[in-house]
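Everything on this sheet refers to the single structure shown next.
The values are calculated or read from the model by the stated rules, or taken from the named source; none is laboratory data. Small disclaimer: the values here were computed from a predicted structure and weren't measured. Here the Cβ positions follow ideal geometry from the backbone for every residue, glycine too, while neighbour counts run over all protein chains shown. When the accessible area is computed, the model is the full protein with side chains, heavy atoms only, and any ligands, DNA or RNA have been set aside. Shrake-Rupley method; radii C 1.70, N 1.55, O 1.52, S 1.80 Å.
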Amino acid sequence: MSTHSIAYHASPLLASKTPVWRSKFIVAALALAFVGLGARATYVQVVGNDFFQRQGEVRFARTLELPANRGRVLDRNGLILASSVAAQSIWAIPEDVDKADPNLPEVARLLKLNLADLKRSLSNEEKTFVWVRRQVDEPIAMQVKALGVKGIYLRKDYKRQYPEGAAAAHVVGFTNVEDLGQEGVELAFNQQLSGVAGSRRVIKDRLGRVIEDVRDAIPPQDGPDLQLSIDSKIQFFAYQKLTDAVRQHNARAGSVMVMDVLTGEVLALANYPSYDPNHREHLSGEQLRNRVLTDSFEPGSTMKPFVAALALEAGLVRPDSVIQTAPGRLTLGGATISDSHPHGPLTVTEIIQKSSNVGTVKMAMQMQPRDMWDMFHRIGIGQKPDVPFPGAVSGRLRAHKSWRPIEQATMSYGYGLSVSLFQLAQAYTVFARDGELISPTLLKQSELAHGPRVYQAKHAVAVRHMLQLATEAGGTAPKAQTMGYSVGGKTGTARKQEGKGYADKKYRSFFVGLAPVDKPRIVVAVMVDEPRGGQYYGGLVAAPVFSETVQQSLRILGVQPDMGVKPQIVVQAVEESF
């Protein structure tokens, strides 16, 4: 028997007869499978090519944003107030990170992270990307990289730096980790500073590494530089003097603004408390508030010069017109208005010099409410300042038709209406610019500014010299005098509102003035909130800040002294009425 026969009869499977249809079925199935594969390949490569191409790109192709370098913020002299510097951002692929890596605690320490929080952020291994820390300084990032922890990578980024720190914080503001402006100029001019991001289309592997470029990169367009009107030297000095005054008088807060009345440029705008925009770990609302623009208050006696100017404009009085203020009190509508001291007969000039409430009210009550309202409106009260700054308030000025006589009277010396320090500084430009109201700007200007006329030049000049007398012996603010320069200005001391009335021992102290008197170059406005060191009159608390700020500002601007340099006259200030 042959070997073939033995094998055939020994196996039942081989011995059984296979139906012909089965073999044909197998062959047909194989042929059908090949046809199906061919059809699928045709569909993938031809019919559905676009769809599968997109799906492939979704999984492996990425469009990388090429960030534009944010424009710098410069002061009027080209000094840097804000700029972007190279930094690194740390990211990770959670599933690739060994949580038991002995170098992981050192990573947490370098990045100032809690180790437990770091491990928690890396625990979700379904994610293929998580940020570990944004905008890390280059040396720290290199130390992290040198540790060689698998799954942790670096990406180039930019970090904003603010060389002037707390002194210019409320002007410049800051950006977030996405390089978007959050406060100040950074927010107000965010779109302009940001530029236009570019893009790069690439293929990446699962580790995020770029394998190849799909198309040519579109380069970013860097943001242009922004030059402000701020003078960083004046800004720093004003901030320091304000800080000293707030601390000396144990005050709650303070603000100061310096304005060039020729161009309308804001040379300094500072607040205390402030913050360092380079280190914002523990910011509070008190620190962030730009009080010059966002806080409104009753301005007290700083309104009296405007009433005197309106009385001159209406022909009701002359600077030497005498008004009887004795006995130092005046009853109107059941309410008593009084001066801090009885003065007897005073000229209009002396009323401003000594800050008499009674004298001011007697002038105001000769006017129509509409005329007073129109004057207040024209100097900007009740209107939002024309600056692109976030949070600027409009203040409050009620319609004149609703004024009662007592309200008209109190408004004449600064109660019953509200302003911001920014508005108050702007309003005083009518005296510095011979009756013209000049709008402030935060951007550098080179041309002489012009604005609407509020008073005739002769009346504005007359009041300006009344303001000068207020800073001399017999006035309310001899401490405003400045070595080498003539000054003029007005004090204000206003009780703070509390509930439906006024607090007995809470005040705001003001001084707003100009210098030099004959040819004014700057207006300086100072406000100190709740001085609690025993002194609270504007002539004692705010006027010294004005004096020191004026002297330094005019020197920096190159304004020649108009007075002989002699020791400052220090006399007892006349207590202002409020």
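Determine, yes or no, whether LYS127 is at pLDDT below 85 and open to solvent by 90 Å² or more (accessible area, probe 1.4 Å). Here the answer is yes, as LYS127 does meet what is asked.
Answer yes or no: is there a residue in region 256-270 that is surrounded by fewer than 21 Cβ atoms within 10 Å (Cβ to Cβ), under 28 Å from HIS465 (Cβ atoms) and not polar (S, T, N, Q).
Yes, there is a match, as at least one residue in region 256-270 is surrounded by fewer than 21 Cβ atoms within 10 Å (Cβ to Cβ), under 28 Å from HIS465 (Cβ atoms) and not polar (S, T, N, Q).
So that you can scan it fast, the table gives a plain yes or no per residue for (1) among the polar types (S, T, N, Q); (2) touching a residue at least 12 places away in the same chain (Cβ under 8 Å); (3) closer than 21 Å to LYS156 by Cα; (4) exposed (fewer than 12 other Cβ atoms within 10 Å of the Cβ):
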site	(1), (2), (3), (4)
SER83	yes, yes, yes, no
TRP91	no, yes, yes, no
ASP98	no, yes, no, no
PRO102	no, no, no, yes
PRO105	no, no, no, no
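Would you call GLU178 under 13 Å from the mean Cα position of the chain (by Cα) and charged (D, E, K, R)? No; evaluated as a whole, the condition is false for this residue. Checked against (1) open to solvent by less than 10 Å² (accessible area, probe 1.4 Å); (2) of a type in the set (Gly, Ala, Ser); (3) in contact with a helix residue (DSSP H, G or I) (Cβ under 8 Å, 6 or more places away or on another chain); (4) under 18 Å from ASP260 (Cβ atoms), ALA425 passes all but condition (3). Within region 368-394, being aromatic (Phe, Trp, Tyr) and either open to solvent by 10 Å² or more (accessible area, probe 1.4 Å) or in a loop (DSSP other than H, G, I, E, B) (or both) holds for TRP373, PHE389.
In region 488-552, which strands (runs of 3 or more DSSP E) lie fully inside it and hold 1 or more residues that are open to solvent by 60 Å² or more (accessible area, probe 1.4 Å)? Working first, answer last.
On the way: elements: 488-498, 501-515, 522-529.
Because the criterion is at least 1 residues that are open to solvent by 60 Å² or more (accessible area, probe 1.4 Å), the strands (runs of 3 or more DSSP E) in region 488-552 that meet it are 488-498, 501-515.
For region 395-410, taking the residues that are within 16 Å of ASP374 (Cα to Cα) and in contact (Cβ under 8 Å) with a residue 40 or more places away in the chain, the one that is most open to solvent (accessible area, probe 1.4 Å) is identified as ARG396. Considering region 13-58, and only residues there that are under 30 Å from ASP157 (Cβ atoms) and either surrounded by fewer than 10 Cβ atoms within 10 Å (Cβ to Cβ) or among the acidic types (Asp, Glu) (or both), the residue that is modelled with the lowest pLDDT turns out to be VAL58.
The C-beta contact set for region 124-138 (first residue under 18 Å from LEU104 (Cβ atoms), second residue open to solvent by 60 Å² or more (accessible area, probe 1.4 Å) and among the acidic types (Asp, Glu), distance under 7 angstrom, 6+ apart or interchain) comprises GLU125/GLU95.
Collect the residues in region 220-267 that are among the polar types (S, T, N, Q), in a loop (DSSP other than H, G, I, E, B) and out of contact with any Pro (no Cβ under 9 Å at 6 or more places or on another chain), keeping them in residue-number order. Walk me through it before giving the result.
Taking region 220-267 and keeping what is among the polar types (S, T, N, Q), we get 221, 227, 229, 232, 235, 240, 243, 248, 250, 255, 263.
Now narrow it down to the ones that are in a loop (DSSP other than H, G, I, E, B): 229, 250, 263.
Of everything in region 220-267, just one residue is among the polar types (S, T, N, Q), in a loop (DSSP other than H, G, I, E, B) and out of contact with any Pro (no Cβ under 9 Å at 6 or more places or on another chain), namely THR263.
A count restricted to region 436-461 and to residues that are open to solvent by less than 30 Å² (accessible area, probe 1.4 Å) and closer than 18 Å to LEU316 by Cα stands at 4.
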